[in-house]
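Student: Take this structure, written in structure tokens, and hold onto it; I'll ask about it next.
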Amino acid sequence: MRLQPSVVLRFYSLCGILIQVAATKSKVKGSQGQFPLTQNVTVIEGETATLTCRVDQNDNTSLQWSNPAQQTLYFDDKKALRDNRIELLRASWHELTIRVTDVSLSDEGQYTCSLFTMPVKTSKAFLTVLGVPETPQISGFTSPVMEGERMELTCKTSGSKPAADIRWFKNDKEVKDVKYLKEEDANRKTFTVSSTMHFRADRSDDGAVVSCRVDHESLNSTPQIAMQVLEIHYIPSVKIIPSTSWPVEGQSITLICESKGKPLPDPVLWTKDGGELPDPERMVVNGRELNINFLNKTDNGTYRCEAENTIGQNSAEYVLIIHDVSNILLPTTVIPSLTTATVTTTVALTSTVPSATAINTRDPNALAGQTGPDHALIGGIVAVVVFVTLCSIILLGRYLARHKGTYLTNEAKGAEDAPDADTAIINAEGSQVNAEEKKEYFI
């Protein structure tokens, strides 16, 4: 059987088409694995950046790294750019890795890895360079500061990329009310940031530590900190503290003048009722203390303590009231008996201790004191003894009156004529009703 020429031609055309389709599928399948893979890199200024380009399937096709200016850095294992900071780490058909040391801000940009297939395939990797902020500085403080003055402290740092964050603290407590300012540096890459804190100086701020903290991702969770210790000058504060709250006549008392100020106040000045101390022999000043011995009623009055430093003067007053010694009489106990009365009296002489109510109604500056006997005490003892004696006699008389005894003496009429006593008694029984009763009381 002989085939027609047209049939043979169609057969060969069909085979050619099948072969071409198979070749195209094989080429597409192979090219899917020939695609470079890269990753973005972030590095701190001055450190080292590593750029890696990988290909899963490569049929001996070359790889190339180029910088943001499209300058070739490495073509396979061949160095193309003269830069001692750029080094080759690994070069193979499946990987091309290079290293850039001492990275600067100018190295930032988009790097390209090229795979020289038909057509050329590329992958981009962006290199981000972080600018490290400079050590912060605090300005605006002049030592010392007077109490009540308005203070303005500014913390400033430059060279950060992106812009750094600034936080204020006073004795480890964060201050929120601050003003933040950000400015771009001349290189148009980094930033200068500043923060200002306003407050009014107070004596409680003296010795306080004010700190400015700079936070930035390039610092690896270790912030930069600047500190300033505040020195506040203020007038003295004065307070008088007595050694006893209940000054008693004949005792002694010490008044302590407690003064605080910066600079430290000069020695204090003591006065009484607006004048000098009237009795220097009994009223002795020892530093900041006033000692008054053998108190008496003439010591009553207002005592004033004055303290002064270079900033100003202040004072405090204490009203001294001398108290008498008073006594406490305990109750009398009476124990009755059938025949006699025993009276037991207990008298206790102690110093009067004021109650909380009594203290509150008297001088608020007074505290507890000691007591001692005087001439009034002797008179009080005599009066108590007399009073107890009279009470005992009255009580004993009332007791005996309630327990009195009686007896009757009976005499029968005609008893004188009776021959003996028995006859007189028998004769008197009938007329006992008419007999005269005689009563005798005895004690």
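Student: Which one of the conditions (1) in a strand (DSSP E or B); (2) open to solvent by 60 Å² or more (accessible area, probe 1.4 Å) does residue 142 fail to meet, given that it meets all the rest?
Tutor: (1)
Student: Restricting the search to region 229-241, which residues are part of a strand (DSSP E or B) and buried (at least 17 other Cβ atoms within 10 Å of the Cβ)?
Tutor: 232, 233, 234, 235, 236, 238, 240
Student: Applying the selection to region 279-321, what residues are surrounded by fewer than 19 Cβ atoms within 10 Å (Cβ to Cβ), under 41 Å from the mean Cα position of the chain (by Cα) and farther than 30 Å from residue 146 by Cα?
Tutor: 284, 285, 286, 291, 301, 302, 319, 321
Student: Can you tell me which of (1) modelled with pLDDT of 95 or more; (2) open to solvent by 30 Å² or more (accessible area, probe 1.4 Å); (3) out of contact with any Pro (no Cβ under 6 Å at 6 or more places or on another chain) is the one residue 98 doesn't meet?
Tutor: Only one criterion in (1) modelled with pLDDT of 95 or more; (2) open to solvent by 30 Å² or more (accessible area, probe 1.4 Å); (3) out of contact with any Pro (no Cβ under 6 Å at 6 or more places or on another chain) is unmet by residue 98, namely (2).
Student: Okay, moving on. Is it fair to say residue 84 is on the phi < 0 side of the Ramachandran plot and in contact (Cβ under 8 Å) with a residue 40 or more places away in the chain?
Tutor: No; evaluated as a whole, the condition is false for this residue.
Student: A follow-up question, please. Does residue 50 satisfy the criteria of being exposed (fewer than 15 other Cβ atoms within 10 Å of the Cβ), hydroxyl-bearing (Ser, Thr, Tyr) and at pLDDT 95 or above?
Tutor: yes
Student: Going through region 152-173 one residue at a time, which ones are open to solvent by 60 Å² or more (accessible area, probe 1.4 Å), within 10 Å of residue 210 (Cα to Cα) and part of a strand (DSSP E or B)?
Tutor: 173 - this is the single residue of region 152-173 that is open to solvent by 60 Å² or more (accessible area, probe 1.4 Å), within 10 Å of residue 210 (Cα to Cα) and part of a strand (DSSP E or B).
Student: In addition: How many residues does region 206-215 hold that are over 30 Å from residue 104 (Cβ atoms) and either of a type outside the set (Val, Ile, Thr) or exposed (fewer than 14 other Cβ atoms within 10 Å of the Cβ) (or both)?
Tutor: Selection size over region 206-215: 5.
Student: Output the residues belonging to region 53-89 that are under 60 Å from the mean Cα position of the chain (by Cα), more than 15 Å from residue 100 (Cα to Cα) and surrounded by 14 or more Cβ atoms within 10 Å (Cβ to Cβ).
Tutor: Matches in region 53-89: 54 only.
Student: Looking at the structure I just gave you, is residue 232 of a type outside the set (Lys, Arg) and in contact (Cβ under 8 Å) with a residue 24 or more places away in the chain?
Tutor: It is true that residue 232 is of a type outside the set (Lys, Arg) and in contact (Cβ under 8 Å) with a residue 24 or more places away in the chain.
Student: Still on this model: Hey, can you tell me all the residues within region 47-64 that are over 19 Å from residue 119 (Cβ atoms) and touching a strand residue (DSSP E or B) at 6+ places or on another chain (Cβ under 7 Å)?
Tutor: Pass one, region 47-64, residues over 19 Å from residue 119 (Cβ atoms): 47-52, 54.
Selection gives 48, 49, 50, 51, 52, 54.
Student: I need a count of the residues in region 87-136 that are without any contact (Cβ under 8 Å) to a residue 40 or more places away in the chain and in a strand (DSSP E or B).
Tutor: Summing the residues that are without any contact (Cβ under 8 Å) to a residue 40 or more places away in the chain and in a strand (DSSP E or B) in region 87-136 gives 5.
Student: Considering only residues that are out of contact with any strand residue (DSSP E or B) (no Cβ under 8 Å at 6 or more places or on another chain) and either assigned to a strand (DSSP E or B) or open to solvent by less than 80 Å² (accessible area, probe 1.4 Å) (or both), look in region 27-46 and name the one that is modelled with the lowest pLDDT.
Tutor: For region 27-46, the residue satisfying everything is 28.
Student: Those residues that are of a type in the set (Val, Ile, Thr) and either over 17 Å from residue 38 (Cα atoms) or part of a loop (DSSP other than H, G, I, E, B) (or both), I need them from region 51-85; list them, please.
Tutor: Those that are of a type in the set (Val, Ile, Thr) and either over 17 Å from residue 38 (Cα atoms) or part of a loop (DSSP other than H, G, I, E, B) (or both): 55, 61.
Student: Output the residues belonging to region 242-261 that are open to solvent by less than 60 Å² (accessible area, probe 1.4 Å) and either hydrophobic (A, V, I, L, M, F, W, C) or touching a Pro at 6+ places or on another chain (Cβ under 8 Å) (or both).
Tutor: 246, 248, 253, 254, 255, 257, 259, 261, listed by residue number.
Student: Kindly indicate which of 264, 255 is farther than 26 Å from residue 325 by Cα, under 35 Å from the mean Cα position of the chain (by Cα) and of a type in the set (A, V, I, L, M). Before the answer, list the steps.
Tutor: Details: 255 fails: farther than 26 Å from residue 325 by Cα.
Of the residues listed, the single one that is farther than 26 Å from residue 325 by Cα, under 35 Å from the mean Cα position of the chain (by Cα) and of a type in the set (A, V, I, L, M) is 264.
Student: Now for a separate question. Which of the residues belonging to region 176-205 are of a type in the set (A, V, I, L, M, F, W, C) and exposed (fewer than 15 other Cβ atoms within 10 Å of the Cβ)?
Tutor: Residues satisfying the conditions are 181, 186.
Student: Looking at (1) part of a strand (DSSP E or B); (2) of a type outside the set (A, V, I, L, M, F, W, C); (3) within 24 Å of residue 104 (Cβ to Cβ); (4) open to solvent by less than 50 Å² (accessible area, probe 1.4 Å), which is the only condition residue 218 fails?
Tutor: The failed condition is (1).
Student: For region 118-139, does any single residue satisfy the condition of being of a type in the set (Asp, Glu) and either farther than 30 Å from residue 195 by Cα or open to solvent by 80 Å² or more (accessible area, probe 1.4 Å) (or both)? Can you show your working first?
Tutor: Step one: filter region 118-139 for residues of a type in the set (Asp, Glu), giving 134.
Those left that are additionally either farther than 30 Å from residue 195 by Cα or open to solvent by 80 Å² or more (accessible area, probe 1.4 Å) (or both): 134.
Checking region 118-139: at least one residue is of a type in the set (Asp, Glu) and either farther than 30 Å from residue 195 by Cα or open to solvent by 80 Å² or more (accessible area, probe 1.4 Å) (or both).
The values are calculated or read from the model by the stated rules, or taken from the named source; none is laboratory data. Note that the coordinates shown come from a computational prediction; the quantities given were computed from them, not determined experimentally. All Cβ positions, even for glycine, are placed from backbone atoms using ideal geometry, and neighbour counts span all protein chains on display. The protein model used for the area step is the full one, side chains on, heavy atoms only, and it has no ligands, DNA or RNA in it. Shrake-Rupley method; radii C 1.70, N 1.55, O 1.52, S 1.80 Å.
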